[in-house]
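Colleague: One structure is given below, represented as structure tokens, and several questions about it will come after.
The values are calculated or read from the model by the stated rules, or taken from the named source; none is laboratory data. Computed from a predicted structure; not experimentally measured. Heads up, the Cβs are rebuilt from the backbone with ideal geometry, glycines too, and the neighbour counts pull from every protein chain shown.
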Amino acid sequence: MIENPETGPRSSMMASDAKMVVNWTNKGLRAAGTVEIAGLEAAPNWQRAESLRNHRLRMFQKLQRDIPASRIKTWFGHRPSMPDGIPCIGHARASRDIVYAFGHGHVGLVGSARTGRLVAQLLSGKPPEIPLAPFSPTRFL
């Protein structure tokens, strides 16, 4: 994130060629979107943040080129991805009142409406509109 940027979009935008999303926040111009496949204890590869910075500089020509390090904030977090790339959707073993719907990885927003409809069907006792066996939260047990 670049604090106090000179320019940037006033609404979120996705740069599909750069595989990143850029959005204006009250704290600065934020870019996110790369994925590093590594263990939970692995140190982050900060070259990914540099790549996002470089893409952002190409996208927004009016951004200062030599931004002071004090204005740049980097972070990383774990993504809710499943080993097989398929989300978990289904009743919890402990209670039929609990429905799991997680692990969508990078398509959570895209799948949210359909997943929400499936959760509503499960909680209301209606049969789900698609077979949910492939999405079973217990498939890894």
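Colleague: List, please: which pairs have Cβ atoms under 9 Å, are six or more places apart or on different chains, and start with a residue in segment 126-141 that is at negative phi and end with one that is exposed (fewer than 10 other Cβ atoms within 10 Å of the Cβ) and not in a loop (DSSP other than H, G, I, E, B)?
Modeller: Arg139/Ala133
Colleague: Turning to a different aspect of this structure: Considering only segment 83-131, state which residues are surrounded by 11 or more Cβ atoms within 10 Å (Cβ to Cβ) and in contact with a helix residue (DSSP H, G or I) (Cβ under 7 Å, 6 or more places away or on another chain).
Modeller: Answer for segment 83-131, where residues must be surrounded by 11 or more Cβ atoms within 10 Å (Cβ to Cβ) and in contact with a helix residue (DSSP H, G or I) (Cβ under 7 Å, 6 or more places away or on another chain): Gly85, Ile86, Pro87, Cys88, Ile89, Gly90, His91, Val99, Ala101, His104, Pro128.
Colleague: Something else: Identify the single condition in (1) in contact with a helix residue (DSSP H, G or I) (Cβ under 8 Å, 6 or more places away or on another chain); (2) surrounded by fewer than 13 Cβ atoms within 10 Å (Cβ to Cβ); (3) within 30 Å of Gly85 (Cα to Cα) that Gln47 does not satisfy, given that it satisfies every other one.
Modeller: Result: Gln47 fails condition (1) only.
Colleague: Then there's this: Looking at segment 116-141, which of its residues are modelled with pLDDT of 95 or more and among the polar types (S, T, N, Q)?
Modeller: Passing the criteria: Gln121, Ser124, Ser136.
Colleague: Inspect all residues belonging to segment 57-77 and state whether any of them is in contact with a strand residue (DSSP E or B) (Cβ under 7 Å, 6 or more places away or on another chain) and more than 30 Å from Pro5 (Cβ to Cβ).
Modeller: Checking segment 57-77: not a single residue is in contact with a strand residue (DSSP E or B) (Cβ under 7 Å, 6 or more places away or on another chain) and more than 30 Å from Pro5 (Cβ to Cβ).
Colleague: If Ile86 satisfies every condition in (1) assigned to a helix (DSSP H, G or I); (2) aliphatic (A, V, I, L, M); (3) within 23 Å of the chain's Cα centre (by Cα) but one, which is the exception?
Modeller: (1)
Colleague: Consider Ala69 against the criteria (1) touching a Leu at 6+ places or on another chain (Cβ under 9 Å); (2) over 30 Å from Ser136 (Cβ atoms): it satisfies all of them except one. Which criterion is unmet?
Modeller: (1)
Colleague: What pairs can you find where one residue is in segment 25-41 and over 15 Å from Met13 (Cα atoms), the other is at pLDDT 85 or above and acidic (Asp, Glu), and their Cβ atoms are less than 8 Å apart, with a gap of 6+ or different chains?
Modeller: From segment 25-41, the pairs are Lys27/Glu3.
Colleague: So which residues in segment 65-78 are surrounded by fewer than 13 Cβ atoms within 10 Å (Cβ to Cβ) and within 15 Å of the chain's Cα centre (by Cα), if there are any at all?
Modeller: Once the filter is applied, which keeps residues that are surrounded by fewer than 13 Cβ atoms within 10 Å (Cβ to Cβ) and within 15 Å of the chain's Cα centre (by Cα), segment 65-78 yields Trp75, Gly77, His78.
Colleague: What tally of residues in segment 1-23 results from selecting those that are closer than 17 Å to Ala49 by Cα and either of a type in the set (A, V, I, L, M) or at pLDDT 85 or above (or both)?
Modeller: Of the residues in that region, 11 qualify.
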